[in-house]
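A.B. asks: One structure follows; several queries about it will come next.
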Amino acid sequence: MSQHVVAVCFVCLGNICRSPTAEGVFLALVKKDDLSQKIRVDSAGTSGWHVGERADRRSSATARERGVHLPSRSRRLVQEDFKLFDYLLAMDQENLEHMLAMAPNPQARARVHLFRDFDESSSKGSEVPDPYYGGPRGFDDVFDMCEASARGLLKEMRSKFKLP
Ligand code: 4NP
């Protein structure tokens, strides 16, 4: 039986660039702090365009340079996810709107947030912009945003779920 006390699913459009990066960065933080048994981490996409694929090679390369492995395989976000996860975190406003429309009830909607809202240094409503059609610099920026937001998220989980 799972001993997890809290579960998070990171969500973007394709589930091959941003949300796999967020997942890998957060997994690394959780592992470093020996919280892997307590926190479940996953990611998904609002589209089904890349189902079954590993993370985009540009995302994987950027993460690797920073010592982070991206283990995800793309899957589509499903209704069941709104029951399983305490946090469903959107990378941008479009993802957020899609997720809020999919959420089955107000309790589920309350668990949907923008990921960057957990970064205390970013202004409310900030997005992790889609790097897919841009240059390589976009992938570094995505990584930095994910790292800052992941730190804030872990801090909030620690206090809310009384984790060590
Ligand atoms: P992601 O990036 O949502 O961060 O995974 C994208 C990946 C693929 C596409 C768009 C964005 N696409 O158009 O296929």
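A.B. asks: Failed condition for Arg111, given (1) within 16 Å of the ligand (Cβ to nearest atom); (2) in contact with an Asp or Glu (Cβ under 7 Å, 6 or more places away or on another chain), with all others met?
C.D. replies: Unmet condition: (1).
A.B. asks: Now a separate question. Out of the residues in the stretch 8-28 that are more than 8 Å from the ligand (Cβ to nearest atom) and in a strand (DSSP E or B), state the one that is farthest from the chain's Cα centre (by Cα).
C.D. replies: Checking each candidate, the answer is Val8.
A.B. asks: So Ser2 fits all but one of (1) polar (S, T, N, Q); (2) away from the ligand (no atom under 11 Å from the Cβ); (3) in a helix (DSSP H, G or I); what number is the exception?
C.D. replies: It is condition (3) that Ser2 fails.
A.B. asks: Among the listed residues Pro131, Pro106, which satisfies the condition of being over 20 Å from Glu23 (Cβ atoms) and at pLDDT 95 or above? Lay out the reasoning, then the answer.
C.D. replies: Values: Pro131 fails: over 20 Å from Glu23 (Cβ atoms).
Just one listed residue meets the conditions, Pro106.
A.B. asks: Just to confirm my filter: which helices (runs of 4 or more DSSP H) fall fully inside the stretch 92-164 and include at least 2 residues that are basic (Lys, Arg)?
C.D. replies: Working: elements: 93-102, 106-109, 137-160.
The helices (runs of 4 or more DSSP H) meeting that bar are 137-160.
A.B. asks: Out of the stretch 129-164, which residues are touching a Phe, Trp or Tyr at 6+ places or on another chain (Cβ under 6 Å), within 16 Å of the ligand (Cβ to nearest atom) and within 18 Å of Leu88 (Cβ to Cβ)?
C.D. replies: Ser149, Ala150
A.B. asks: For the list (1) out of contact with any Lys or Arg (no Cβ under 9 Å at 6 or more places or on another chain); (2) more than 13 Å from Cys12 (Cβ to Cβ); (3) within 16 Å of the ligand (Cβ to nearest atom), I need the number of the one condition that Gln79 fails.
C.D. replies: Unmet condition: (3).
A.B. asks: I'm told Arg64 meets every condition in (1) out of contact with any Lys or Arg (no Cβ under 7 Å at 6 or more places or on another chain); (2) part of a loop (DSSP other than H, G, I, E, B) except one. Can you identify the failing condition by its number?
C.D. replies: Arg64 satisfies every listed condition except (2).
A.B. asks: Condition check: small (Gly, Ala, Ser) and surrounded by 18 or more Cβ atoms within 10 Å (Cβ to Cβ). Does Ser149 satisfy that? Spell out the reasoning first.
C.D. replies: Numbers: small (Gly, Ala, Ser): yes; surrounded by 18 or more Cβ atoms within 10 Å (Cβ to Cβ): yes.
In short, yes.
The values are calculated or read from the model by the stated rules, or taken from the named source; none is laboratory data. Keep in mind that what you see is a predicted model, and the values were worked out from it rather than measured. Cβ sites come from the backbone with ideal geometry, for glycine too, and all protein chains shown count toward neighbours.
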